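Note sheet for the following structure.
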Amino acid sequence: MTIRKLCTYTEEVLRQRAQSVDRFDDELVELVDDMIETMRAAPGVGLAAPQIGVPKRVIVVEFGDEYDETIPEQLFVVVNPEIVQQSEEKIPGIEGCLSVPGLVGEVSRSQIVTVRGKDQFGKKVNIRAQGWLARIFQHEVDHINGVLYTDRTDQIWQPKEDESETV
């Protein structure tokens, strides 16, 4: 596994719609392993392949609740993810991004989403997420569609210490 360089908001790859994955091979498994290693080293809770310069529809998300030990940490790998269902209820929240370092903004996102795709081996996955986990999935799916959280907020600022969570 290799920690890869993160792309920043000025790089064109972050503004392009990523390509679908049609080959589930060792190269894809290596990409996913590198993405996980890079996300953890950053540290972040999600990463999309375009954020490391690879224009493919692949996301990784790692979520656990540090304040609630009854929610175990889970790692999700989704290839060709689609949000197939989302609640009408939207909740505002503060987001940051590994590709937009040092800044945060308030973004309204659906409270509940259903994400479909495949894992790195081609097995179908179907994830129903709510709250912070739903926000992370929406943020990462935006990335593979060439959208940054900064496109969804009217105000961006440098975070205070308690606002430093990055997606």
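Please treat every number below as a calculation from the coordinates, not as lab data. Predicted model only: the values in this text are computed from it and were never measured. In this analysis, Cβ positions are derived from the backbone assuming ideal geometry, glycine residues included, and neighbour counts consider all displayed protein chains.
Here is how the numbers come out for the structure above:
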quantity	calculated
Spatially proximal lysines relative to Lys118 (Cα-Cα < 22 Å; intrachain offsets below 8 disregarded)	Lys56
Sparsely packed chymotrypsin sites (Phe, Trp or Tyr not before Pro) within the range 69-159, loop by DSSP, other Cβ within 10 Å at most 13	Phe121
13 Å beta-carbon shell around Pro55, net charge (K/R +1, D/E -1)	+2
Span from the the range 102-137 Cα centroid across to the the range 45-63 one, whole angstrom	12
Loop GluC sites (Glu not before Pro), the range 46-126 (other Cβ atoms within 10 Å of the site Cβ: 14 or fewer; DSSP)	Glu66, Glu69, Glu73, Glu88, Glu89
Computed Rg/Rh of the range 1-85, alpha carbon atoms with Kirkwood Rh	0.99
Electrostatic dipole magnitude of the chain [Cβ: Lys, Arg +1; Asp, Glu -1; Cα centre; debye, to 20]	660
Nitroxide proxy distance, nm - points 7 Å out along Cα→Cβ at Ile3 and Ile112	3.9
The range 25-35 - phi-based ³J(HN,Hα) in whole Hz, Karplus 6.51/-1.76/1.60, Gly and Pro as x	10, 4, 5, 5, 4, 5, 4, 4, 4, 5, 4
Residues Arg17 and Gln74, FRET efficiency given R0 of 35 Å [Cβ-Cβ distance, rounded to 0.05]	0.80
Computed label-point distance, nm, for sites Asp154 and Glu37 using a 7 Å Cα→Cβ extension	4.4
Net +/- balance of residues flanking Val125 in space, Cβ distance below 9 Å, scoring K and R +1, D and E -1	+3
Convex hull per residue volume in Å³, alpha carbons only, for the chain	113
For the chain: relative contact order, % (alpha-carbon pairs under 8 angstrom, 6 or more apart)	26
Label-point gap, in nm, between Gln85 and Phe24 - each point 7 angstrom along Cα→Cβ	2.3
Whole-Hz couplings from phi, Karplus 6.51/-1.76/1.60, listed for the range 54-61; x for Gly and Pro	10, x, 10, 8, 9, 10, 10, 9
